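Engineer: Okay, handing you the structure first.
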Amino acid sequence: MTDKYIMLSSGAPYTVESLDNIFTTTRLGMIYKTWERLEAFDEHGHYKIIISNQPIFSPLQKFLASTCYNPMEKTKVKWERIGDYNRKYLIDTVRRELETDDDIIQQWFEGPDVMKLMESSKTFEEMMLAVGGICGKHESDKQVLEYVELILGKQEEEA
């Protein structure tokens, strides 16, 4: 696994190789400031996005974005360290999100297995493997698959 960061997007975890300095989302995403619900972790820190040049949209642009024209928007961002890596915060955030999850987090594993994977991790590297499994990387990454099988046991193939 080459990823180095765990991301939380509105509480849903996934892994990435690097933190981009360009934030891309829909116009509605910009209007609703979706970056405010985006967090990143590495083995040393906890990071949030800072946007210094937030786009301003007219009432017409907002209306169109809500109805029929919602283009992709990009803006430069800076990742600011806001604290240390906090395993408990990461687990608690995902646990809270699971309460209202509409199968975003539970695409590959049910809630109890998601929590078992995360709670079984003792190091940041193990948390990366757990989150990778939660996001389906166990289907293509042998190291992630081995970790998932170690924690949850061998999964039955669906017919």
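Taken together, the values in this text are just the output of simple stated rules run on the coordinates, not laboratory data. Here the structure is a predicted model, which means the values were calculated and not measured. Virtual Cβ from ideal backbone geometry, glycine too; neighbours counted across all protein chains shown.
Engineer: If packing is taken as the average count of other Cβ atoms within 10 Å, what order do 63-69, 120-126, 108-114 fall into, highest mean first?
Structural biologist: 108-114, 120-126, 63-69
Engineer: Of GLY133, SER52, VAL94, which is farthest on the positive side of the dipole of region 14-134, counting Cα position, with +1 on Lys and Arg Cβ, -1 on Asp and Glu Cβ, and the Cα centre as origin?
Structural biologist: Positive-end residue among those listed: SER52.
Engineer: Taking only the Cα atoms of the chain, how large is their convex hull per residue, in Å³?
Structural biologist: Spread over its residues, the Cα hull of the chain gives 134 Å³ apiece.
Engineer: Still on this structure, I have one more. Summing -39500 (n - 2.57) over the DSSP H runs of n ≥ 4 in the chain and dividing by its residue number, what mean residue ellipticity at 222 nm do you reach, to the nearest 500 deg cm²/dmol?
Structural biologist: Numbers: 6 runs with 58 residues, N = 159.
Value at 222 nm, helices only: -10500 deg cm²/dmol.
Engineer: Out of residues 5 or more away from HIS46 or on other chains, whose amide H comes under 5 Å of its own, with H placed 1.01 Å from N in the peptide plane?
Structural biologist: ILE82, GLY83, ASP84, TYR85
Engineer: Of TYR32, TYR14, GLN106, which is farthest on the positive side of the dipole of the chain, counting Cα position, with +1 on Lys and Arg Cβ, -1 on Asp and Glu Cβ, and the Cα centre as origin?
Structural biologist: Highest projection toward the positive end goes to TYR32.
Engineer: So if I average 1/r over every pair of distinct C-alpha atoms in region 65-115 and take the inverse, what Kirkwood radius in Å does that give?
Structural biologist: This gives a value of 14.4 Å.
Engineer: Here's something else I'd like to know. Please identify which residues in region 1-45 have an amide N closer than 15 Å to a label point set 7 Å out from the Cα of SER66, following the Cα→Cβ vector.
Structural biologist: Hits in region 1-45 for SER66 at 15 Å: 27-33.
Engineer: Cα convex hull of region 5-84: mean projected area in nm², to one decimal?
Structural biologist: The Cα convex hull of region 5-84, projected and averaged over all directions, gives 5.5 nm².
Engineer: Which entries in the list LYS78/LYS122; LYS33/LYS137; LYS48/LYS88; LYS48/LYS142; LYS33/LYS78; LYS116/LYS154 go over 23 Å, if you measure between the two C-alpha atoms of each? All intermediate terms of the calculation are to be shown ahead of the outcome.
Structural biologist: On the way: LYS78/LYS122 30 Å; LYS33/LYS137 29 Å; LYS48/LYS88 17 Å; LYS48/LYS142 31 Å; LYS33/LYS78 15 Å; LYS116/LYS154 14 Å.
Among LYS78/LYS122; LYS33/LYS137; LYS48/LYS88; LYS48/LYS142; LYS33/LYS78; LYS116/LYS154, the Cα-Cα distance tops 23 Å for LYS78/LYS122; LYS33/LYS137; LYS48/LYS142.
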